[in-house]
Amino acid sequence: MCIYRASLQLYPTHLNTKRCSAPSFRRPWRRSDPAPATISISSRSYHHQASPSTKSPEATGVPFLSPLRDRLDYFYFQGAEQFFRSRIARAGGATVLRLNMPPGPFISGDPRVVALLDARSFRALLDDSLVDKSGTLDGTDVPSLRLFGGHLPLAFLDTADPRHAKLKRVALRLAASRARHVAPAFASAFAATFAAVEAGLEAGTPPGTAEFNKHNARHMLDFTCAALFGGAPPSKAIGGGAAGMAIKWLALQIHPLASGAIKPWPVEELLLHTFRLPPFLVRRDYAQLTAYFAAVAAAVLDDAENSGDVTRDELLHNLVFLAIFNAYGGFKIFLPHLVKWLARGGAELHARLAAEVRAAAGDQAIMTLAAVENMPLVKSVVWEALRMNPPVEFQYGRARRDMVVESHDAAYEVRKGEMLFGWQPLATRDERVFRRGGEFVADRFVVVAGGGEDGGEEEQRRMLEHVVWSNGPENGEAAEGNKQCPGKDMVVAVGRLMVAELFRRYDTFAATVEENPLEPVVTFTSLTKAAAAGHGNSEA
């Protein structure tokens, strides 16, 4: 049952803590009250002080009926971006609003959130001293613990939970110890993926086409496990259906937030968004996946058990989550977006990337992370793709205490316990922070010598502060005491390796893109092999 209280209505307030105007049922903060925390972001892009909003934030409407209507708008009638932009327009341009977020009835007990829809206000969600991330990974609802062997995974734990530091420590050590395996494991996965793509172009259905997503989904699971643990890949140890098992397990967790999987939409709405699918549907699949990880991650489990930091069973289920949900799920979404932007960049961008990659890589047999460090355009393209399409589009967290959150133009009181929500694409494409923020600019992050505000190192640093796909700034570091993704550096490295391997092997390519809510479907229509690679200037 959804419980609504008028006392949770949101109001703008002055930054100088003067009393704000509010209806009588909602007492504004007074000078005699404990001062709420104020979120203030310093940046040359918006150095002015925020002023009070002249419009009240959007209301959540009628219980049950309004959340249901909002869910239909979000998934089907408007789509996510238009859903938020239309409500910003209704509120007179205010970017801190009260909304209902999916899944709503009957899955979520309370769909109300305070939505932070610009780069400035969004930063509140990245401050672990201000927001509690307990059970907020998937928003207003938590999946059944039976999907995780009875343990709440690290991603659902707040930094104040003692288990968070212990599990994060293991994850960080694992990522650091396996860093040197990332490049060779990716080279193998890339070769397998594009061998399949080339074969598809020669004998595809329809002829001359090859879908990237299905090959990426298959081979990136093998890559993830090889990079993190070594040993036999899932496709060998479990069989060809391993990736399907992983995707099925992922679907049981995120189906309340997914769309476009079943047509017609009323059927999808009934099956995916009204009630949670029962965990027993993936019980056997999860058992096989768990058994696989128990074998390949035995050394990691032994070390943790000997140190006494965490129990073997809890760590095992956390490693399954880390590998499949965090890493594999992220690559499955991010890499198609990256290839999408490369496809739209066209032959001119491809030529620039190919020249840079080949000059930096030379004739080395396997692309290395050290070589990629000398590819500024490649690095910029990957950061820009992460800015345009963060692998996880939303962030949630509950206010630890009363505080004031600033947008660019106003300031708002938020009460302790309220759920904060941010849709990252609006924050990372914010025109007040990024020039031409809604466009993909391949060399946006390239440092130009003597570039000053428009292309110097300081400008790059400022922009990277707002590339926050990893639950923290891109120039920040994951640590035991924060919620930044422990695999952040690995994701960036894989994106760079994808671009570098692609343009070392091919001069250019063409592909069609079908935009879908979760990931775009990228279908190659041609691949022009690099003559320097000994393939001639032929097309697959």
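The values are calculated or read from the model by the stated rules, or taken from the named source; none is laboratory data. If you're wondering where the values come from, they're calculated on a predicted model, not measured in any experiment. Cβ atoms come from the backbone with ideal geometry, glycine included; neighbour counts cover every protein chain shown. Just so you know, the surface numbers come from the protein's heavy atoms only, side chains and all, with ligands and any DNA or RNA stripped out. Shrake-Rupley method; radii C 1.70, N 1.55, O 1.52, S 1.80 Å.
Values computed for the structure shown
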| item | result |
| --- | --- |
| Meets criteria (surrounded by fewer than 16 Cβ atoms within 10 Å (Cβ to Cβ), of a type outside the set (Val, Ile, Thr) and without any contact (Cβ under 8 Å) to a residue 24 or more places away in the chain) for Glu459 | no |
| Unique match (being at pLDDT 95 or above and of a type in the set (Ser, Thr, Tyr)) among Thr54, Thr136 | Thr136 |
| Out of Leu281, Leu277, Leu335, sole residue that is assigned to a helix (DSSP H, G or I), modelled with pLDDT of 95 or more and either open to solvent by less than 60 Å² (accessible area, probe 1.4 Å) or hydroxyl-bearing (Ser, Thr, Tyr) (or both) | Leu335 |
| Evaluation of Gly230 against (1) in contact (Cβ under 8 Å) with a residue 60 or more places away in the chain; (2) open to solvent by less than 30 Å² (accessible area, probe 1.4 Å); (3) on the phi < 0 side of the Ramachandran plot (one fails), failing number | (3) |
| Close pairs from region 492-506: first farther than 18 Å from Ala179 by Cβ, partner open to solvent by 10 Å² or more (accessible area, probe 1.4 Å) and outside any helix (DSSP H, G or I), Cβ under 9 Å, at least 6 apart | Leu502/Phe509; Arg505/Lys529; Arg505/His535; Tyr506/Thr528; Tyr506/Lys529; Tyr506/His535; Tyr506/Ala540 |
| Those residues of region 94-104 which are over 20 Å from the mean Cα position of the chain (by Cα) and open to solvent by less than 20 Å² (accessible area, probe 1.4 Å), in sequence order | Ala94, Val96, Leu97, Arg98, Leu99, Asn100, Gly104 |
| Matching residues, region 171-186, being open to solvent by less than 20 Å² (accessible area, probe 1.4 Å) and in contact with an Asp or Glu (Cβ under 8 Å, 6 or more places away or on another chain) | Phe186 |
| Lone unmet requirement of (1) under 30 Å from Pro102 (Cβ atoms); (2) under 22 Å from the mean Cα position of the chain (by Cα); (3) surrounded by 23 or more Cβ atoms within 10 Å (Cβ to Cβ) for Val381 | (1) |
| Lone qualifier among Asp402, Asp454, Asp430 - being at pLDDT 95 or above and either among the acidic types (Asp, Glu) or open to solvent by less than 20 Å² (accessible area, probe 1.4 Å) (or both) | Asp430 |
| Tally of residues being under 23 Å from the mean Cα position of the chain (by Cα) and either open to solvent by 10 Å² or more (accessible area, probe 1.4 Å) or under 29 Å from Ile254 (Cα atoms) (or both) across region 406-426 | 9 |
| Criterion violated by Arg436 - all others in (1) touching a residue at least 60 places away in the same chain (Cβ under 8 Å); (2) in a loop (DSSP other than H, G, I, E, B) satisfied | (1) |
| Candidate set: region 76-93, residues that are touching an Asp or Glu at 6+ places or on another chain (Cβ under 9 Å) and open to solvent by 10 Å² or more (accessible area, probe 1.4 Å); chosen: the one nearest to Ala399 (Cα to Cα) | Ile88 |
| Some residue of region 241-249 being small (Gly, Ala, Ser), in contact (Cβ under 8 Å) with a residue 60 or more places away in the chain, touching a His at 6+ places or on another chain (Cβ under 9 Å) and over 21 Å from Leu167 (Cβ atoms) | no |
| Gly476 vs. criteria without any contact (Cβ under 8 Å) to a residue 12 or more places away in the chain, open to solvent by less than 30 Å² (accessible area, probe 1.4 Å) and assigned to a loop (DSSP other than H, G, I, E, B) | yes |
| Residue within region 240-263 that is open to solvent by 20 Å² or more (accessible area, probe 1.4 Å), over 24 Å from the mean Cα position of the chain (by Cα) and more than 25 Å from Gln288 (Cα to Cα) present | yes |
| Matching residues, region 128-156, being within 16 Å of Val320 (Cα to Cα), of a type outside the set (Phe, Trp, Tyr) and surrounded by 18 or more Cβ atoms within 10 Å (Cβ to Cβ) | Pro143, Leu147, His151, Leu152, Pro153, Leu154, Ala155 |
| Residue match in region 122-133 (condition: more than 30 Å from Asp409 (Cβ to Cβ), among the polar types (S, T, N, Q) and in contact (Cβ under 8 Å) with a residue 24 or more places away in the chain) | no |
